[in-house]
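A.B. asks: So that we are looking at the same thing, I have put the structure below in structure tokens.
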Amino acid sequence: MALTPATPTHSRDSGAALPLVIALGMVIIIVATSAIAFANGGGLKSRHDADWDAALAAAYAGVEEYRSRLTAISDYQLCINDNSPFTPEPPSEVDGCGTNPALSVEPAGDWARLDDRSAFRYEIDNSGYASTGELRIRATGRVGTVTRSVIAELREEDLTRYAALVMFATPTASSSNNWGSSNWGTPDWGDPTAPTSDQFARKCDRAAWAGRDSEACPQTVWGAPGTLLGNAVWQGPVHSNDSIVGCDVTFEDSFGSSDPHTRADTSRGCGDDQRPVVYKKVIDIPTTLGVLRENTQPVPINGAVGCLYTGPTSVKFHSNGSMTVRSPQTKYTNVRLDLRDIRNPAECGTPGTAPGALGSPGGATISVLDGSILYVQDITDATKDPNSHDTWTVQAGCFTSNGVGFPIAGESHPVAINNNQYRTAACPYGARSGDLFVEGEFTGSMSLAAEGSAYLTGNLTNVEPMSDLLGIMAQRDIVVWNPITWERPIGCEVSGACGSPIPLVGGDREISASLLSTNGGIVVQNAGAGGNQGALRIHGSVASRYAGITHITGPGGYTGGYQDVVVTYNERLRSAAPPRFIRPNSAVHTLAELIEVKPAFSPDGTPQ
């Protein structure tokens, strides 16, 4: 039983007093209202009738009190009583939960009391939390000799609830055209050095309304072509922690900002629509995905095996529910976090270079990890890591063969634009990077996460659009792959003899997935070279720390990427999310469903 640890050094209830007092205050009002109704009923209602109504109110009180604990106490969803028949086996539990009488299930055990006659208990089913963020609570209210129970489904608000969610509406470090010496201190125009991630964060990791450097980190305009925010019409809910600047854009759903002066700022000559913006608290996207690695340990969560791959990894989905994975540097696909257990389950493919193995030219074809996650980590040289490689075995390098087919034949080094001049993009296709390369026809429910970048190398579609759910997450950028070949002399922008960049793939692109970049943006490779590639259609949701550039006019009038970009929201994401999709640092648990059921306990506490 995980209710009370033997010698807790710090109660998980610390700091929870105010939310609990507020919740219980609301509850007492509800119960008191029932009592007043009884008193004013002139004897028409019996005591039992009044208690019957008040017992249901007490059950509701239990639900609200539990929600307040989830808000106030980190990881409280892990605090359960494993003696409850409502809690499935094996339970997910944690020590240090403090003493909560509402979790008691023993006949002679305690109840959480509202007053002398009213009390509640609740039982928790957290079996679906790891995969979907859902919790079920069975709450029982007791007033006098009457008990009534309800089952509530709570869902943690996640990052797929929005068609678009952007923390800071400014271009990413990889796609900014503002690296000039006056902004970042780079030595001169000829030095291709971009700002480091720390430099960029110090200047740009704040909202415009909070005083961001507007020259180094300019505001991205919603509705303006050339960015991921360029929809003319947004059909699903959108949110930004930043100020909202809109340009001839229509929001058909909720339109939120964390700007305390919430309004649609159209002062840039884009019309006179001053539609009010709904204020919402800051949504904090985690900067790393490392917490998701726990899903690739040898003991499956809810029976769903997760797979760990190391170094550059490619995935191609097939319409029959299988996928082909290439990951030549992977040694073990299941590693316990404390390194006491390492395995290679068949579900993840066999490491090595034998035919049909992960390191073979054809890769390993396995079933999709339905209900689970595929996680790609960077290569380290830490001796304790069973997947480590020293720098002699796998040398550090950029834009050299990464073992999974990139760069392709004839591909030129991707370019970025800074200070209105072309520069080589920062370290594409790193040999030791946890980069993911993905495309294909997907069916099922699954998430993929990369410690590096995630490259969308072709169309990524759903076989069953009404039921399939796919999540793609990356700590760095999510990149719509757009290779070019270009014999570009250094400094050609000055001489005007840059030649003609030629796209190697080109054409329209379709992506059906929830996309998340925790520390970058969703961008198009070579967005300023190779010409306009057609239409980019994303069906699902997009979330990122910064706004991504999809199309830009570069020096000499060159253009590239996708100017025609449309993001449509997958309405299924209002009530479901891809499994193991990472959640905000500060989450809110919303009530998805509430129904009354047979009483779980009799008035004396005996389970029924």
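The values are calculated or read from the model by the stated rules, or taken from the named source; none is laboratory data. Being a predicted model, the structure only gives us computed values, none of them experimental. Cβ coordinates were reconstructed from backbone atoms using ideal geometry, including for glycine residues, and neighbour counts include every protein chain displayed. These area figures cover heavy atoms from the full protein model, side chains too; ligands, DNA and RNA do not enter into them. Shrake-Rupley method; radii C 1.70, N 1.55, O 1.52, S 1.80 Å.
A.B. asks: What list of ³J(HN,Hα) values in whole Hz, one per residue of the range 560-571 in order, does the Karplus curve 6.51 cos²θ - 1.76 cosθ + 1.60 (θ = phi - 60°) give from phi, with Gly and Pro shown as x?
C.D. replies: x, x, 10, 7, 8, 10, 10, 10, 10, 7, 7, 4
A.B. asks: Along each of the three principal axes of the Cα atoms of the range 522-565, give the extent in whole Å, ordering the values from largest to smallest.
C.D. replies: 34, 22, 12
A.B. asks: Are there any GluC sites (Glu not before Pro) in the range 138-175 that are in a DSSP loop and have at most 12 other Cβ atoms within 10 Å? List them by number.
C.D. replies: none
A.B. asks: Would you please calculate the Kirkwood hydrodynamic radius of the range 322-418 over all C-alpha pairs and express it in Å, rounded to one decimal?
C.D. replies: Hydrodynamic radius (Kirkwood, Cα only) of the range 322-418 equals 15.3 Å.
A.B. asks: Kindly work out what percent of the DSSP beta bridges joining two residues of the range 338-471 are antiparallel, to the nearest 5.
C.D. replies: That works out to approximately 20 percent antiparallel.
A.B. asks: Considering amide H positions built from the backbone, and no H for Pro or chain starts, which residues 5 or more places from Gly230, or on another chain, come under 5 Å of its amide H?
C.D. replies: Gly223
A.B. asks: With every protein chain present, what is the per residue accessible area of the range 50-165 (1.4 Å probe, Å²)? Kindly include the intermediate steps, with their values, before the conclusion.
C.D. replies: Details: 3710 Å² over 116 residues.
Here the per-residue accessible area is 32 Å².
A.B. asks: Using a cut-off of 18 Å between alpha-carbon atoms, which lysines can reach Lys331, once sequence neighbours fewer than 8 places away in the same chain are excluded?
C.D. replies: Cα-Cα hits under 18 Å: Lys384.
A.B. asks: Take every Cα-Cα pair in the range 435-576 and report what % of them are more than 27 Å apart.
C.D. replies: 24 percent
A.B. asks: I've got another one for you. Using a probe radius of 1.4 Å on heavy atoms only, what accessible surface per residue do you get for the range 341-460? Whole Å² is fine.
C.D. replies: 39 Å²
A.B. asks: While we're here: Considering only protein heavy atoms and a probe of 1.4 Å, how much of the accessible area of the range 510-608 is carbon and sulfur, as a whole percent?
C.D. replies: 50 percent
A.B. asks: Can you give me the % of accessible surface on the range 335-426 that is carbon or sulfur? Probe 1.4 Å, all protein chains present, nothing else counted.
C.D. replies: About 52 percent, which is the carbon plus sulfur part of the accessible surface.
A.B. asks: In nm, what is the difference between 0.36 nm times the number of residues separating Val588 and His413 and their Cα-Cα distance?
C.D. replies: Value of the extension gain: 58.6 nm.
A.B. asks: Leaving out ligands, DNA and RNA, what percent of the accessible area of the range 97-173 is carbon and sulfur, probe 1.4 Å?
C.D. replies: That share works out to 49 percent.
A.B. asks: For the range 536-590 and the range 441-492, write down the distance between their C-alpha centroids in whole Å.
C.D. replies: Between the Cα centres of the range 536-590 and the range 441-492 lies a distance of 11 Å.
A.B. asks: Using each residue's phi in the range 75-83, evaluate 6.51 cos²θ - 1.76 cosθ + 1.60 at θ = phi - 60° and report the 3J(HN,Hα) Karplus result to the nearest Hz, with x for Gly and Pro.
C.D. replies: 3J(HN,Hα) across the range 75-83, in whole Hz: 6, 5, 5, 8, 8, 9, 10, 6, 8.
A.B. asks: What residues have an amide H closer than 5 Å to that of Arg432, excluding those fewer than 5 places away on the same chain, when H is modeled at 1.01 Å from N in the peptide plane?
C.D. replies: Under 5 Å from the amide H of Arg432 lie the amide H atoms of Gly397, each far enough along the sequence or on another chain.
A.B. asks: What is the range 306-351 by shape, rounded, prolate or oblate, if you read a ≥ b ≥ c off the alpha carbon gyration tensor as root eigenvalues and call it rounded for a/c under 1.5, prolate for a/b larger than b/c, and oblate otherwise?
C.D. replies: Prolate, since a/c reaches 1.5 and a/b exceeds b/c.
A.B. asks: First select every other residue whose beta carbon is under 13 angstrom from the beta carbon of Arg336; then total the charges, Lys and Arg +1, Asp and Glu -1.
C.D. replies: Around Arg336, the surrounding residues sum to 0.
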